[in-house]
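First comes the structure, then the notes that go with it.
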Amino acid sequence: MNGASTATSRHQQQQAAEAQAQAKLSQEREERRTRQLAIAEREKQARERDEERKALRAREAELALQRADIEAKEEAMRLRMLEHEAERSRYQEEEAERARQKKAASAVNVLVANLVDGTTPEDVKAAFGDFGEIGECKVLSSNGDTLTMQVEFLNRDDATVAVSKLECVHAGLWKPVIRG
């Protein structure tokens, strides 16, 4: 039985060695599988980080586009405001020009002749100024003894009233004539 027992013992040793080899192989497979799972997990995490970065870059690009759109709209609004301001300024200038033309159209010159030498435009303006707004008063001619001046009334009706009243007061001293 010694031989059989030795054979059995060898057989058991062989089985034990095979079982050990099998266990070692299983352990190596398990370690390899664990490493592969860890690698796969790291790759998955790397892919997720890449996706997050891509999503973040896409969001940043979207925000940049929105910012550019807002800036373009602000610029367009600023340009519209400038155009509106320019249009308003043109309108005001046109209104002022129309008012000047209307004023000029209603302005009338009164010719005052035979004034005593030494009379100044300010004297004539003072005499006529009580009747209405005077634009300008200037000397047209002087012959040594008398002067002729032109008085610009900004309103024709004021000029008419002034001439009629001053003709009565200064009859014989000078003769105003309305020219329009």
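Results, tabulated for the structure shown:
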quantity: Test result for V124, surrounded by 10 or more Cβ atoms within 10 Å (Cβ to Cβ), touching a strand residue (DSSP E or B) at 6+ places or on another chain (Cβ under 7 Å) and either among the polar types (S, T, N, Q) or assigned to a helix (DSSP H, G or I) (or both); calculated: yes
quantity: Scan of the stretch 125-156 for residues that are β-branched (V, I, T) and over 25 Å from K102 (Cα atoms), ordered by number; calculated: V139, T146, T148
quantity: Identity of the residue in the stretch 136-156, hydrophobic (A, V, I, L, M, F, W, C) and in a strand (DSSP E or B), that ends up nearest to V112 (Cα to Cα); calculated: M149
quantity: Of all residues in the stretch 157-180 being part of a helix (DSSP H, G or I) and modelled with pLDDT under 85, the one that is nearest to Q101 (Cα to Cα); calculated: V163
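The values are calculated or read from the model by the stated rules, or taken from the named source; none is laboratory data. Please read all numbers here as calculations on a predicted model, not as lab measurements. We place every Cβ from the backbone using ideal geometry, glycine too, and count neighbours over all the protein chains shown.
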